[in-house]
Structure formats: C-alpha cells, structure tokens
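Student: Take this structure, written in structure tokens, and hold onto it; I'll ask about it next.
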Amino acid sequence: MSWDEWIFRGINHFAGQGGILDWVMVEVSRTDNVFLPFLLLVGYWCWTNWREARIGLPALGLLFGGGDFLGAQLKLFLKRPRPCHVLGHIHEMTGCGGTFSLPSNHAVNSATIAAFLHMIYPRTGWVTWPLVALIGISRVYVGAHYVTDVLCGWGLGAALGTGVGWLLLRSRWMGRKADVNPVTWNGEPPFPD
C-alpha cells in the first residue's frame with residue numbers, strides 16, 4: 001500500500017460514521033454551497049472598493065475559469081483513476097464523480113481564489129486558507145480524491161492565483177503603486193528595476 005493510499009484510507013475511514021463531521025464534509029465539498037458566500041464577497045468588494053473590484057472581479061473570474069479548465073485538461077492528460085474506481089471498501093459520500101482525479105479541481109479552484117485574494121488583500125489569508133484546507137480535506141474524506149490529488153491542486157491553484165495577483169498589483173489598473181510587493185518582508189523589491 002502506497003503512502004498516498006494509506007493516508008487516503010486513514011482520512012476516509014472516518015466517513016460514514018454519521019454525525020456533524022459527515023454533514024460538514026459533504027456540505028463543504030458541494031460546489032453549489034459556494035455561490036452565496038461568493039455573491040456576498042462580490043457585493044462587499046464592490047461596495048467597499050469599486051475601483052479595484054471592477055478590475056479584480058473579471059480577473060478573478062477568468063482566473064477561476066482558466067484554472068478549472070487547466071485542471072480538467074491535466075486530468076485527461078494524466079489519467080489517474082479516482083480512488084472509488086480502483087480501491088475497495090471505501091466510503092463514498094458524494095458519489096464517485098468523473099473518471100480521473102489528478103488534480104482535484106476543488107483544490108485548484110479554492111487555492112486559486114485564496115492565493116489571488118491573499119495577494120490583493122493579505123489580511124484575507126486567515127479566512128481563505130483554512131477554507132482551502134477544509135475543502136481539500138473534505139475531498140479525501142468523502143472518497144473523491146487521493147491526498148496527492150489535493151496537494152497538486154493546491155500547488156497549481158496557489159501558483160495561478162499568486163501569479164495573476166502579483167501581476168495585477170504591479171499593473172497600473174489597480175491604482176496602487178508598484179512598491180506594494182508582498183513577496184518581500186521589508187518593502188524592498190527583490191530585483192532592482
């Protein structure tokens with residue numbers, strides 16, 4: 001048994017026991033539960049900073065769609081079967097889903113949004129990153145993905161969100177000066193211009 005399968009079975013073992021943990025993990029894993037919080041975020045962003053929202057929201061939408069598309073293409077290229085297709089005696093709480101599992105698009109999408117928001121508004125990290133972790137763990141818990149599917153999704157999403165957020169911060173469209181550089185700790189640019 002590989003370490004990936006061992007960790008998967010260790011987390012998935014708790015599924016199907018009933019109680020609040022099952023309910024939370026299934027609800028966190030459902031994509032339709034994201035729409036209301038996202039609409040509230042959009043409304044808040046537009047209300048508090050329309051100038052940045054009118055640039056950031058389309059960028060975030062394109063980023064989300066691009067990350068989702070890239071994740072789907074990687075699944076078709078890598079062709080790693082989902083655990084529910086190859087492992088016996090697992091707890092499937094939300095059905096098996098599609099054929100392939102690497103990377104987890106839930107992990108890609110949540111990490112993309114979290115990294116983008118963290119780049120634009122660093123204080124959002126204390127809310128977004130725990131949600132990313134919960135969503136990723138829920139995908140293993142409900143039996144839809146291996147741990148490495150989630151880890152790869154997090155890495156891809158973090159790279160996409162950080163990259164686009166960094167580029168947007170350095171652009172003139174956000175209305176901020178280029179000296180805002182979250183990559184450094186002391187405010188000095190990492191590379192002289």
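Student: Looking only at region 11-65, count how many residues are part of a loop (DSSP other than H, G, I, E, B) and under 17 Å from Gly165 (Cα atoms). Let's see the steps before the verdict.
Tutor: Taking region 11-65 first, the residues part of a loop (DSSP other than H, G, I, E, B) are 13-19, 30, 49.
Now narrow it down to the ones that are under 17 Å from Gly165 (Cα atoms): 49.
Residues flagged as part of a loop (DSSP other than H, G, I, E, B) and under 17 Å from Gly165 (Cα atoms) within region 11-65 amount to 1.
Student: For residues that are aromatic (Phe, Trp, Tyr), under 23 Å from Leu62 (Cβ atoms) and touching a residue at least 12 places away in the same chain (Cβ under 8 Å), tally how many sit in region 113-141. So that I can check it myself, show each step before the final result.
Tutor: Looking only at region 113-141, we keep the residues that are aromatic (Phe, Trp, Tyr), and these are 116, 121, 126, 129, 141.
So of that shortlist, the ones also under 23 Å from Leu62 (Cβ atoms) come out as 116, 121, 129.
Add one more test, that the residue is touching a residue at least 12 places away in the same chain (Cβ under 8 Å), and what stays is 116, 129.
Of the residues in that region, 2 qualify.
Student: Which residues, counting only those in region 119-169, are farther than 19 Å from Phe64 by Cα, surrounded by 15 or more Cβ atoms within 10 Å (Cβ to Cβ) and out of contact with any His (no Cβ under 7 Å at 6 or more places or on another chain)?
Tutor: Once the filter is applied, which keeps residues that are farther than 19 Å from Phe64 by Cα, surrounded by 15 or more Cβ atoms within 10 Å (Cβ to Cβ) and out of contact with any His (no Cβ under 7 Å at 6 or more places or on another chain), region 119-169 yields Ile137, Ser138, Val140, Tyr141, Val142, Ala144, His145, Tyr146, Val147, Thr148.
For (1) charged (D, E, K, R); (2) loosely packed, with under 12 Cβ neighbours inside 10 Å, each residue gets a yes or a no:
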position: Glu52; (1), (2): yes, no
position: Gly56; (1), (2): no, no
position: Leu60; (1), (2): no, no
position: Asp68; (1), (2): yes, no
position: Lys75; (1), (2): yes, no
position: His85; (1), (2): no, no
position: Ile90; (1), (2): no, no
position: Gly95; (1), (2): no, yes
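Student: Whether any residue in region 14-33 is in contact with a Gly (Cβ under 8 Å, 6 or more places away or on another chain) and surrounded by 14 or more Cβ atoms within 10 Å (Cβ to Cβ) is what I want to check. If you could, list the steps in order and put the result at the bottom.
Tutor: Residues of region 14-33 in contact with a Gly (Cβ under 8 Å, 6 or more places away or on another chain): 15, 22.
From what is left, the residues that are surrounded by 14 or more Cβ atoms within 10 Å (Cβ to Cβ) are 15, 22.
Among the residues of region 14-33, at least one is in contact with a Gly (Cβ under 8 Å, 6 or more places away or on another chain) and surrounded by 14 or more Cβ atoms within 10 Å (Cβ to Cβ), which makes the answer yes.
Student: Now for a different question. Consider region 26-57. How many of its residues are touching a Ser or Thr at 6+ places or on another chain (Cβ under 8 Å) and either over 22 Å from Ala158 (Cα atoms) or of a type in the set (Ser, Thr, Tyr) (or both)?
Tutor: 2
Student: Now a separate question. Answer yes or no: is there a residue in region 18-36 that is of a type in the set (Asp, Glu) and more than 18 Å from the chain's Cα centre (by Cα). Steps first, please.
Tutor: Initially, region 18-36 is screened for residues of a type in the set (Asp, Glu), giving 22, 27, 32.
Checking the rest, the ones that are also more than 18 Å from the chain's Cα centre (by Cα) come to 22.
Yes, that holds for at least one residue.
Student: Let me ask another. Filter region 58-100 down to the residues that are charged (D, E, K, R) and touching a helix residue (DSSP H, G or I) at 6+ places or on another chain (Cβ under 9 Å), then identify the one that is nearest to Trp154 (Cα to Cα). Full working, then the answer.
Tutor: At the first step, the residues of region 58-100 found to be charged (D, E, K, R) are 68, 75, 79-80, 82, 92.
Adding the requirement that they be touching a helix residue (DSSP H, G or I) at 6+ places or on another chain (Cβ under 9 Å) leaves 68, 75, 80, 82, 92.
Details: Asp68: 12, Lys75: 15, Arg80: 17, Arg82: 17, Glu92: 22 Å.
Filtering first and then ranking leaves Asp68.
Just so you know, all these numbers are worked out from the coordinates, no wet-lab data involved. These numbers were taken from a predicted model, which means no experiment stands behind them. So basically every Cβ, Gly included, is an ideal-geometry build from the backbone, and we count neighbours across all protein chains shown.
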